[in-house]
1. Average partner chain C-beta neighbours within 10 Å, per residue of B:329-338?
2. To make sure I understand the rule: partners must be lysines, Cα under 27 Å from the Cα of B:LYS102, and not fewer than 8 residues away in the same chain. Which ones qualify?
3. Where a ≥ b ≥ c are the square roots of the eigenvalues of the C-alpha gyration tensor, would you call segment B:128-275 rounded, which needs a/c under 1.5, or, failing that, prolate if a/b is larger than b/c, or oblate?
4. Membrane-span-like helices in chain A: DSSP H runs reaching 24 Å or more (Cα, own axis), mean Kyte hydropathy at least -1.0?
5. List, by residue number, every residue in segment A:403-429 with a reduction of 20 Å² or greater in accessible area between the chain on its own and the complete protein assembly, 1.4 Å probe.
6. Hey, what's the Cα Rg ratio for segment B:654-743 versus the globular rule of thumb, 2.2 N^0.38 Å?
7. Roughly how far apart, in whole Å, are the Cα centres of segment A:309-379 and segment B:131-162?
8. Please compute how much accessible surface disappears when B pairs with A, both sides summed, using a 1.4 Å probe, and round it to the nearest 100 Å².
Amino acid sequence: MNFETPDFLPVVPELFVLGMACLILVVDLFLSDRSRVVTYLMSQATLVGALVVTLGLSSPIAQVTMNGTFVLDPMATLLKSVVYIASFVAFLYAKDYLRARSLFKGEFFLLGLFAVLGMMVLISAHSMLTVYLGLELMSLSLYAMVALQRNSATASEAAMKYFILGAMASAMLLYGMSMLYGATGTLDLGELGARVQGAGPSSLVLVFGLVFLIVGIAFKLGAVPFHMWVPDVYHGAPTAVTLFVSSAPKLAAFAMLMRLLVDGLPGLHGHWQDMLILLAVLSVALGNVLAIAQANIKRLLAYSGISHVGFLLMGVLAGTPEGYAAGMYYAIAYVIMTLGGFGMVILMSRAGFEADRLEDYKGLNERSPWFALMMLILMFSMAGVPPFLGFWAKLAVLEAVVSIDLIWVAVVAVVFSVIGAFYYLRVVKYMYFDKPEDEHSLVAGSDLRFLLSANGLAVLGLGIFPGSLLALCASAIG
Amino acid sequence: MFLVWIILLPLLGAALSPLAAQRGRGVAAWSAGSASGLALALTLWQALPLTADSEAHISWSWIPQLGLNLSLRLDGLALLFVILVLAIGLLVILYAHYYLPKSDRLGRFYALLLLFQTAMLGIVLSDNLLLLLLFWELTSLSSFLLIAYHPHSSEARKGARTSLIVTAAGGLALMAGLLLLGHIAGSFELSTVLASGDRVREHELYFPTLLLILLGAFTKSAQFPLHFWLPKAMAAPTPVSAYLHSATMVKAGVFLLARLFPVLAETEAWFYLVGGVGLTTLLFGAYTALFKHDLKGLLAYSTISHLGLITLLFGLGTPLGAVAGLFHVVNHAIFKASLFMAAGIIDHETGTRDMRRINGLWKYMPYTATLAMVAAAAMAGVPLLNGFLSKEMFFAETVHHEWLGALDWLLPTAATLAGVFSVAYSVRFIHDVFFNGEPINLPRSPREPGHRIRIPVEVLVALCIVVGVMPGQTVRGLLDAAVTGVLGEVPYYSLALWHGFSLPMLMSLVALTGGVVVYVLRYQLFKLHDRWLPRVSSEDLFYRFSRGILRLARRFMQSFDNRSLQRYLAWLIAVAAITAAAPLTNGVILHGGADLMPIDGVSLAAALILAVAAIATVRMRHQRITALIMTSLVGLIVTLTFVHFSAPDLALTQLSVEVVTTILLLLVLYFLPGGERLEISPLRRVRDLLLAGSSGLVVALLAFGVMTRSHTPISEFFLENAKPLGGGSNVVNVILVDFRGFDTLGEITVLAIAAAGIFMLLRGLHLPLPEHGFGRRQWAVDVHPLIMAAVSRPLLPLALLVSLFLLLRGHNAPGGGFIAGLVAGTALILQHLASGLQWTQQRMKRRYFTLIGGGVLLASATGLASLLFGRPFLTSAVLHLELPLIGEVELASAMAFDIGVFLTVVGTVILILENLGRLSTQQSAQPPTEPEEMR
């Protein structure tokens, strides 16, 4: 029970982001609205710096510090790096959007940085306490970001729903954790795994705890039937916020899944596999079917995201290293695609026009053939058509479930992605085959155009050379 | 290495085409043609002469994690298809150059066509299932772009979309099937898979695997009932049709059947599925083709029918069936490509494709007519032409097949019937178009086209004749190689033109004469057809299905996505309750084994009051004050429960927290808009009741299950060490100020930050004041009743004294800084409530920030002090003082820490409540009445 000074080295990226966030908080106070770009630049610099520090600290051996509550392992390094990159991209996409709507304030970037910090803590969690700490830091920042546009009724409503449902889910997660703690007497995830093995999987309290744990995880991932917040939040929030909410936090939620279930409760694999199968199948089914009925592209992407989460879960539920790697690969692929998808919505919008109806994409090919091509790539990739990134991700998770003889899951997933292909195709049809209703030329800064093109091409490039990313994921799982 | 170049050359051509098109159409055609031509030349140069050993094979590891290798193999089967794809591709490139309008620069067209060619070559050369799948999907994509080449015709768009949806969906099914196949065989390398045929056929997953793979093949090869995309795809420019629907796209499915023949065939399931579908398609296509008035429509259904024939041949599962199937692949590609090209020329020259209007073209374009007639005759199976040979083999196979037992006659009969229709529509193609009177109302006056556009047709028609007359000298070698690729050996077969008078010969004769008879009777048949044609087509079914899914989606929207938070919460709680209850149904014993306490009267009464109060809160939620009182009743009972189970510390904390929160709620509820009482439908009431009841029950069961399980509590450690290590006998307090002192310090810091945040949020905030309370009741005129003020004032010193008492004794007996702080804060707030803000503020300076800051500083200083003595942060020390009068007093340093907590809590409570209270008083209509006489 004695207090020891821990090894702070593995925590340096977290400390760096925290310190910078606090610094920016203070600096931002003294900035006029005209020089707000300083906040933006400092935030971006923080992310770049964090990436450098994280990569500099990377080592193939897992290091546990802070009295066993924090771990730095290859998985953490990889996921954190992707989180920085995704956040960097999201901030850049968001910049002009926010400026056009007089939302270009320090809050967005600061809350974003604190959310990133929360994700980092969550990704590196080695104790249920750290998991919860990271999760709440991330979630609270996200709730506030959704509510950033205070004069928008839909945004406020979305934030309220997100908060209430999120609080419920957090409470259930905590309830589950308390049961696990009660049954095993430890919060340490490594220790928990060992003691669960000892207790035997039939322990009632453990299973109860697991159920609530999964409710919490499923909520954060947005898996059916805990997905209700996703469409409303994606739809209601300003697109710049939606972009952020839909991207990096999914990686953190994936990390939470891995830390709690794979690191913490490997002994209950049989139990959580069943539950994840249910979540995965429901997500893929409902996500794809409901996406068809959407007329709003943000809601459409929300439902598409729900179905992607179903696929991601398939990788994890396999319970094999290949499956985990496939799940991680899927998560990263999804983040790249969703960044591009919402980035396109931002590109198409301008002050007073959100470009969030599907009709707004009519005739994009005539207005801008290049970005129509980018959107085409993104849509085909999400539908899982080769040779784009999304195809390999789907293939990897399907192989994972097939390899453990869960054929029916693979077949169901394929059937519903066939249905899913339908709505992605509808967007393509609007872009290429219909006459434009809106004759405005696209207004966007050259940095946005450049990065969005790079984003689209990355989906293609990583699709043509999928090996390296997959190998990276496999080595991160170890 | 040359295998890679076979694929790369067309791809290179695709990339170069747009550039070449900048320099003119001719250059584009030349570059595209040379790409195809070079690839073809390379293939012929490297792969010929053909021997069984001259198979080329290369393999690079690409993504080993997925089992995907870049493996290519050129065996006889692949060679046959490579030659078909490249040779016909070359002719189509030539044809398109003259066919497409001069305004089209052709760059995009050739790029897409060559991209498609690349994908096709990839399919046939792949030696890895996943690689094959990759190219397979690429053909769907590139054919989509080709069919939609004229995107502004709505027909082309619809055709392109339908074909993409159907074939891409089939591709996904194929993906699942190939994954299963690879899983069973243990590798995705085709050579391994092909060698493990027995294992696959005996595997329990054989049937689903077969079904999924066939779905992929059938969608691509337009087999009934998934054929409907093909006629729609006729909206594509004719060169595209000529390429995709003769030699390439539709043959991909057939190729897959041939490729996987050694693995999947020769089972009953294969025979019934492949044979059955093939037979149905053969008959259906042949029948429908006769009734199509559109020239390309006729050819489309004829294509479907011929693909059915090939599928049926493979479905028979016999070696000779496979031989005949491969032979017909070649023959069909040759005559169908030339027919499409001829149809394109006719369309071009007359401006229409309606056979009811195009008549008697013989007079206008005799040369083209001759070519088309020869090709059509080959399609009908006229002797001395290539179509005749494979059709004879087909008839022979149906006769010799013995799977159906007593129904053996069915197959030859159906085959003959299909033959009759096939002849009939071929005759129609010839007679309606080139003879049969004069043209009717043609948009353009037809004439013989330029001779260059006819070159590809001439080449193909010449092939029809050469193969038909000298099969042994022309295709035998290639066919043998291909058959070896499928079967591993060449069974005995004869390509002789004359087998003597046999049953197949008779069937051919019946088909030819029957076909002519049917054609003569066509007008009667058209009438019958128009009256009796079944109105349900699979296309309708498909669209109905997609509309059905859309409707289903909309219905789901209403139940899952109605954007109501209540609905979402209901789902969340219901699912959580169900999943939590699920383990209980598994026969897990709920009772953990610990002894249960006896139920005494006091506990029972407490439980009853709790339940009643909870229900009353819900019932009276519209009368907020009453509901609030009911809620605090719940809190009170909980407090008493703590007392009952001898936890005075908890009870004290609970009580003071309860009071503070009640005041807080009171202040906040004031601002909540009143509004009208919402009507709740009885159904929803029942739903909510069930939901609340069941989740309550589940939580109760969980609590029971958890609490009856034995566990070793950590309290032992604290009970033993509180006095020796922490210097206090109140364990709870010692934990707070000593063992978990760091936590407490953090907590009060957070409290202080929260207080500052709340202060900033409320500063300058103006909320609209509600004019009346619930049920339009007026607010009381007398805001601060005299009696309450009178009673509250003497209470203050008393309460402060109690608080001080609780603080000082806290370390050893129930009490402590937190509780004391709440009590003191409540006492001070009471003055605000009873006498009004102004009155209180005149007498009490607002110093809460001093209190809060001082508290945090004091607590921190206590912690830091221990560092001065070389001890870790927050180590407590115990001091024994001998005071006069009072005697020995034990002073732990923790006391100072506790005072810090006390100050912070007092400050925070007052700050929050006072500032909330100010909101409701600062702009109220009448200023708070001062109880003057009290001054």
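1. Taking all residues of B:329-338 together, the mean is 0.
2. Filter leaves A:LYS435, B:LYS158, B:LYS232, B:LYS296, B:LYS336.
3. Values: a/c = 2.57, a/b = 2.16, b/c = 1.19.
The shape class here is prolate.
4. Working: long enough: A:12-29 (26 Å, 2.24); A:37-57 (30 Å, 1.76); A:74-100 (40 Å, 0.93); A:106-123 (25 Å, 2.29); A:128-146 (27 Å, 1.57); A:153-184 (46 Å, 0.94); A:204-221 (26 Å, 2.79); A:269-292 (34 Å, 1.35); A:297-317 (30 Å, 1.30); A:321-348 (41 Å, 1.22); A:407-433 (38 Å, 1.72); A:446-464 (26 Å, 1.24).
For chain A, where a helix must reach 24 Å along its axis and average at least -1.0, the hits are A:12-29, A:37-57, A:74-100, A:106-123, A:128-146, A:153-184, A:204-221, A:269-292, A:297-317, A:321-348, A:407-433, A:446-464.
5. Buried by the other chains: A:ASP405, A:ILE407, A:VAL411, A:VAL414, A:VAL418, A:ILE419, A:PHE422, A:LEU425, A:LYS429.
6. Values: Rg = 22.4 Å, N = 90, 2.2 N^0.38 = 12.2 Å.
Against the compact-globule rule of thumb, the ratio is 1.84.
7. Centre-to-centre (Cα) distance: 22 Å.
8. Numbers: alone 44780 and 17550 Å², together 56340 Å².
Buried: approximately 6000 Å² between A and B.
The values are calculated or read from the model by the stated rules, or taken from the named source; none is laboratory data. Since the model is a prediction, treat every value here as computed from it, not as a measurement. FYI the Cβ positions are ideal-geometry reconstructions off the backbone, even for glycines, and counts take in every protein chain you see. Note: accessible area is taken over every heavy atom of the protein model, side chains too, but ligands, DNA and RNA are not part of it. Shrake-Rupley method; radii C 1.70, N 1.55, O 1.52, S 1.80 Å.
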